[in-house]
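Enquirer: Provided herewith is a single structure, encoded as structure tokens, for subsequent inquiry.
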Amino acid sequence: MKGCSAALLVSSAFLASVLYYHSDLLAGEKRNSLLKPNFIIILADDIGWGDVHQNWPSTVETPNLDKMAEDGMRFLDFHAAASTCSPSRASLLTGRLGLRNGVTRNFAVGSIGGLPLNETTLAEELKKKGYYTAIIGKWHLGHHDQYHPGNRGFDYYYGIPYSNDMGCTDNPGYDIPEIPPCPKDSVTQCFKCKNVSANVALPLFENFDIKQQPVNLKMLTHLYAERISGIIQDARKSGKPFFLYVALAHMHVPLTPHGFESENSTDVFKTSLREMDSLIGQIRRISDTIHKENTLIWFTGDNGPWAEKCEFSGSVGPFVGSWQTQRGGSSAKRTTWEGGHRVPAIAYWPSRIPANVTTTALLSMLDIFPTLLSFAHISLPKDRHCDGLDISQVLFGHSQSGHQVLFHPNSGAAGKFGDLQTVRLEKYKAFYITGYDKLTCSSWLACSFFSLQLLTSLLNHFES
């Protein structure tokens with residue numbers, strides 16, 4: 001018994017000494033388990049599925065995105081919630097289709113409305129739980145006071161209120177048709193500028209204040225990089241988790257890469273793509289230096305490329321829409337053909353998301369809202385229907401289960417016969433032209449399949 005007691009005493013003393021000298025490590029593990037993750041959502045403008053090398057090998061201008069895909073997860077079948085800017089951005093921030101959140105068309109410079117005030121944004125939900133929230137870049141969800149980002153859950157805003165072609169600038173860049181520079185009295189007399197879709201010069205906001213008007217577009221990437229770096233570094237000092245929404249001007253026309261002087265204008269798209277990729281690389285490096293294992297970086301696009309801009313637009317990859325393009329139409333932005341809403345997407349989170357993994361799950365921008373709230377241990381709003389899914393198990397490599405039904409409403413201009421709506425039901429896709437009462441399918445088998453299941457599935461999907 002004495003031997004047992006002595007052994008017990010020695011063991012207890014040893015354990016006590018370990019706990020004493022390593023109590024800081026135990027406390028650190030506890031703190032890490034309680035830390036809320038940081039989120040960086042990077043949204044490219046008018047980028048094609050084929051504008052990332054990992055998707056389409058003929059593109060070689062995206063080494064930083066390629067490296068992020070190698071170190072994280074690439075999505076093969078990821079879709080924007082709409083094929084134009086405002087509806088897509090509204091869905092990202094609400095997790096709801098435009099048919100629910102009320103944003104089904106782009107807001108113009110003269111629009112007096114915005115994302116309806118009864119909609120709850122991702123920033124509002126995160127801010128209520130202690131997150132610092134910031135948006136750098138394009139807003140495009142209403143630019144009058146009550147619709148301003150500062151009144152929709154964001155603590156900080158630095159960017160432009162709508163697209164970079166919606167107002168004249170002193171360095172308009174490459175566009176089709178060509179945009180002339182602002183006249184000297186640009187702020188009040190920009191209506192003299194032909195081919196510019198605004199009657200005021202394009203402003204650059206910091207919170208509620210205009211810092212530049214007109215914007216120096218060639219310096220915009222540099223200015224964004226400075227603010228992004230400051231936000232990420234300040235977050236560590238404050239000790240608060242952060243949500244950073246980076247809504248880039250790339251690859252929307254006019255293209256204005258810094259220092260571009262080539263006389264061959266066809267090079268400008270590749271130069272702009274390299275500039276965007278370089279900025280994304282900077283964001284990742286800053287984040288990795290400070291918050292590497294506690295930060296999710298999620299890159300995607302708001303819709304496909306703007307094909308009407310010819311050499312100044314991107315690539316849809318294999319989704320060329322032969323049937324449509326052979327008849328003089330487009331298969332990209334403003335359409336519900338695959339190139340209009342299938343976009344590149346990459347998620348990176350060291351120690352959480354497995355490296356060099358590709359998922360074929362049918363996923364959507366709608367999924368960002370519920371997934372981020374899940375990671376932050378925040379319940380979805382109970383007073384509304386969410387169209388997105390919590391895809392945390394897909395991101396962690398535990399599942400390949402995505403949407404069974406994914407609806408793509410038309411959010412561009414009406415076609416010859418009406419608005420072309422589409423719906424994916426597993427691997428099949430059907431098209432429905434509103435006002436024309438005609439259903440077409442990708443195959444006869446698909447039509448037979450839809451005749452039995454489409455109506456039931458859609459009714460269940462839109463049950464509220």
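Since every read-out is calculated from the coordinates, none of them should be taken as a lab result. For clarity, every value in this text was computed on a predicted model and none was experimentally measured. Virtual Cβ from ideal backbone geometry, glycine too; neighbours counted across all protein chains shown.
Enquirer: Reported to two decimal places, what Rg/Rh ratio describes segment 226-305 when computed on Cα atoms with Rh from the Kirkwood expression? List each step's numbers first, then the result.
Expert: Working: Rg = 15.2 Å, Rh = 14.5 Å.
My calculation puts Rg/Rh at 1.05.
Enquirer: Post the alpha-carbon centroid distance, segment 279-327 to segment 48-67, in whole angstrom.
Expert: 9
Enquirer: Hey, another quick one. Given the Cα-Cα distance of D234 and Q282 and 0.36 nm per residue of separation, how much length would full extension add, in nm?
Expert: Stretched fully, the D234-Q282 segment lengthens by 15.7 nm.
Enquirer: Tell me, C386, C168 in order of fewest to most beta-carbon neighbours within 10 Å? Please report the intermediate quantities before stating the final value.
Expert: Working: C386 18, C168 28.
Result, fewest neighbours first: C386, C168.
Enquirer: I need H252, H403, H53, H398 ordered by Cβ neighbour count within 10 Å, fewest first. Kindly include the intermediate steps, with their values, before the conclusion.
Expert: On the way: H252 26, H403 22, H53 18, H398 10.
Listed from fewest to most nearby Cβ atoms, that is H398, H53, H403, H252.
Enquirer: Grab the Cα-Cα distance for K292 and E206, subtract it from 0.36 nm times how many residues apart they are, and report the gain in nm with one decimal. Display every interim value, and only then the final one.
Expert: Values: separation 86, 0.36 × 86 = 30.96 nm, distance 2.76 nm.
That works out to 28.2 nm of additional length.
Enquirer: For L141, what charge total do you get from the other residues with a beta carbon under 11 Å from its beta carbon, if Lys and Arg give +1 and Asp and Glu give -1?
Expert: Details: positive: R89, K138, R152; negative: E119.
Its environment carries a net charge of +2.
Enquirer: Turning to a different aspect of this structure: Pairs of Cα atoms under 8 Å, at least six residues apart: use those to get the relative contact order of segment 53-99, whole percent. Spell out each step's value before the answer.
Expert: Working: 23 pairs, mean separation 9.7, N = 47.
So the answer I get is 21 percent.
Enquirer: Additional query: Given the convex hull of the Cα atoms of segment 242-385, what is a quarter of its surface area in nm²? Let's see the in-between values first.
Expert: Values: hull surface 47.3 nm².
Answer in nm², one decimal: 11.8.
Enquirer: Turning to a different aspect of this structure: So how much slack lies between A355 and E178, counting 0.36 nm per residue of separation and subtracting their Cα-Cα distance, in nm? Kindly include the intermediate steps, with their values, before the conclusion.
Expert: Numbers: separation 177, 0.36 × 177 = 63.72 nm, distance 4.32 nm.
Full extension of this stretch gives 59.4 nm more.
Enquirer: So, R0 is 22 Å and r is the distance between the beta-carbons of N264 and R327; what FRET efficiency does that work out to, to 0.05? Don't skip to the answer; put the middle values down first.
Expert: Details: r = 32 Å, r/R0 = 1.44.
Using R0 = 22 Å, I get an efficiency of 0.10.
Enquirer: Can you sort D77, D383, D51, D277 so the residue with the fewest Cβ neighbours within 10 Å comes first?
Expert: Placing the least packed residue first, the sequence is D383, D77, D277, D51.
Enquirer: First select every other residue whose beta carbon is under 15 angstrom from the beta carbon of N55; then total the charges, Lys and Arg +1, Asp and Glu -1. List each step's numbers first, then the result.
Expert: Working: positive: K67, R74, R342; negative: D51, E61, D66, E70, D77, D277, E338.
It works out to a net charge of -4.
Enquirer: Now for a separate question. Using the Cβ atoms and a cut-off under 10 Å, what net charge is assigned to the surroundings of D302, where Lys and Arg are +1 and Asp and Glu are -1? Intermediate results must be reported in sequence, preceding the final value.
Expert: Values: positive: R89, K138, K333; negative: D45, D46.
Net local charge, D302 excluded: +1.
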